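Trainee: A single structure is presented below for examination.
The values are calculated or read from the model by the stated rules, or taken from the named source; none is laboratory data. Computed from a predicted model, the values in this text were never measured in an experiment. We place every Cβ from the backbone using ideal geometry, glycine too, and count neighbours over all the protein chains shown. In case anyone asks, the SASA skips ligands and DNA or RNA and just uses the protein heavy atoms, side chains included. Shrake-Rupley method; radii C 1.70, N 1.55, O 1.52, S 1.80 Å.
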Amino acid sequence: VKRRTDGEPPTPATRPPRVIVPDLVAHRGSSGEILLREEERDHVRSRRLRDGDEVVVLDGKGARARAHLTRRGTALTLLGFEELSGALPGEPSRRVTVLLACAEPARIEWAVEKGTECGAARFVLLEAARSQRAHVVALRSRLPRLRRIAAEATKQCGRTIVPEIEGPEEIEVLLRKEECPGRARRPLLLAEPSGERIGAPDSRPDLVRPGGEITLAVGPEGGFTLSEISLFEGFGAVPVSLGPRVLRLETAVVAALTLLVGTE
Ligand code: SAM
């Protein structure tokens, strides 16, 4: 909020718009122009930005710079890189991977958009027993679209890193990959209405402790089967409940992330 000196109420400070340039780091030290990709040009056009307007440039992996728009909003000239130390702007203290069972693509898109806003670091789509085959096939071909949705949400909400989106994977194949040697083992939670409650005043604090990494699995519309639940448990998963109501999978993603990303 900008303080005003003329007695008027405070007005919201304007935040420079964000654009993504995946190879931003390659332009460090160069004074030339950077041409924007088609989707970024569309973004600039829809925001009615003009040449000379300042933007924040992200590579989606952790680098940030300031730039001016040029060439009728189709290119940038860099003003300088932001030298960042400590927590990256907009990034939560805990890295949460969401294993998300395939479901109706519109629900998954919603989960990716809102889950990105709530701080998810990574989404891996799962081919669960109760995922419809048609949805698995549709989502496999929609990965580029899901990645664009995550990138747009990253810009909109002021994060620095675009969540990774992978899959669809079979549950067992993924769990074996995740625990392969050399990969740090991280806590694994399984969202299940019958599990141990998290987020209530008397629930176990270690399950929502900030910092580090954690993985959360969310089931399809029909829920995980008993054999899938046993499979997860065999890999050390703790079933956790988000309360007494049965949530749609996309609501479960948002509710869980708000508890798991940690204090910021
Ligand atoms: N048909 C399932 C049932 O009646 O139990 C509900 C499936 S729900 C629509 C989809 C997924 O969201 C579940 O598999 C679970 O991972 C998650 N979920 C929904 N409500 C939850 C809750 N209260 N606690 C934990 N997870 C929940």
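Trainee: Determine the per residue accessible area of the chain with all protein chains present and a 1.4 angstrom probe, expressed in square angstrom.
Mentor: Roughly 52 Å² per residue, with all protein chains present.
Trainee: With labels modelled as points extended 7 Å from the Cα through the Cβ direction, what inter-label distance (nm, one decimal) is found for residue 245 paired with residue 37?
Mentor: Taking the two extended label points, one gets 3.8 nm.
Trainee: Ranked from highest to lowest mean number of other Cβ atoms within 10 Å per residue, what is the order of the peptides 133-145, 82-94?
Mentor: 133-145, 82-94
Trainee: Another question about this same structure. What net charge is computed for the residues neighbouring residue 56, neighbours being all others with C-beta under 12 Å from the C-beta of residue 56, Lys and Arg scored +1, Asp and Glu -1?
Mentor: Around residue 56, the surrounding residues sum to +2.
Trainee: In addition: Does the chain come out rounded, prolate or oblate by the C-alpha gyration tensor, with a ≥ b ≥ c the root eigenvalues, rounded set by a/c under 1.5 and, if not, prolate when a/b is larger than b/c and oblate if not?
Mentor: Prolate, because a/c is 1.5 or more and a/b exceeds b/c.
Trainee: Among DSSP bridges having both ends in the chain, what percentage is antiparallel? Round to the nearest 5.
Mentor: Antiparallel: roughly 35 percent of the beta bridges in the chain.
Trainee: Additional query: What does the C-alpha gyration tensor say about the overall shape of segment 76-115? Classify as rounded when a/c is under 1.5, otherwise prolate if a/b is larger than b/c, or oblate.
Mentor: oblate
Trainee: Can you tell me how much longer the chain between residue 45 and residue 141 gets when fully stretched, taken as 0.36 nm per residue apart minus their C-alpha distance, in nm with one decimal?
Mentor: My answer for the length gained is 31.8 nm.
Trainee: Then there is this: Rounded, prolate or oblate for segment 65-181? Axes are the square roots of the Cα gyration tensor eigenvalues, ordered a ≥ b ≥ c, and the cut-off for rounded is a/c under 1.5.
Mentor: Prolate is the answer for segment 65-181, as a/c is 1.5 or above and a/b outweighs b/c.
Trainee: OK, next. Given a Förster distance of 35 Å, report the FRET efficiency between residue 132 and residue 93 from their Cβ-Cβ distance, rounded to the nearest 0.05.
Mentor: 0.45
Trainee: Something else about it: Could you work out the local net charge near residue 239, counting Lys and Arg as +1, Asp and Glu as -1, over the other residues with Cβ closer than 9 Å to its Cβ?
Mentor: Overall, the nearby charge balance is -3.
Trainee: Which whole-number percent is the relative contact order of the chain (Cα, under 8 Å, 6+ apart)?
Mentor: The value is 20 percent.
Trainee: Calculate what fraction, in whole %, of the accessible area of the chain sits on carbon and sulfur atoms when a 1.4 Å probe is rolled over the protein chains.
Mentor: Using a 1.4 Å probe with all protein chains present, the chain comes out at 51 percent carbon and sulfur.
Trainee: Just from its helices, what would the mean residue ellipticity at 222 nm be for the chain, if runs of 4 or more DSSP H residues each count -39500 (n - 2.57) and the sum is divided by every residue, rounded to the nearest 500 deg cm²/dmol?
Mentor: Computed mean residue ellipticity for the chain: -8500 deg cm²/dmol.
Trainee: Reported to two decimal places, what Rg/Rh ratio describes segment 101-157 when computed on Cα atoms with Rh from the Kirkwood expression?
Mentor: Ratio of gyration radius to Kirkwood radius for segment 101-157: 0.98.
Trainee: Would you please name the trypsin sites (Lys or Arg not before Pro) within segment 17-57 that are DSSP coil residues with at most 16 other C-beta atoms within 10 Å of their C-beta?
Mentor: Filter output for segment 17-57: 28, 37, 47, 48, 50.
Trainee: A follow-up question, please. Could I have the simple spin-label model distance between residue 194 and residue 157, label points 7 Å from Cα toward Cβ, reported in nm to one decimal?
Mentor: About 3.1 nm, to one decimal.
Trainee: Residue separation times 0.36 nm, minus the C-alpha to C-alpha distance between residue 226 and residue 81: what's the value?
Mentor: Value of the extension gain: 47.1 nm.
Trainee: May I pose another question? Compute the signed sum of charges (Lys and Arg +1, Asp and Glu -1) over the other residues within less than 11 Å, Cβ to Cβ, of residue 258.
Mentor: In short, 0.
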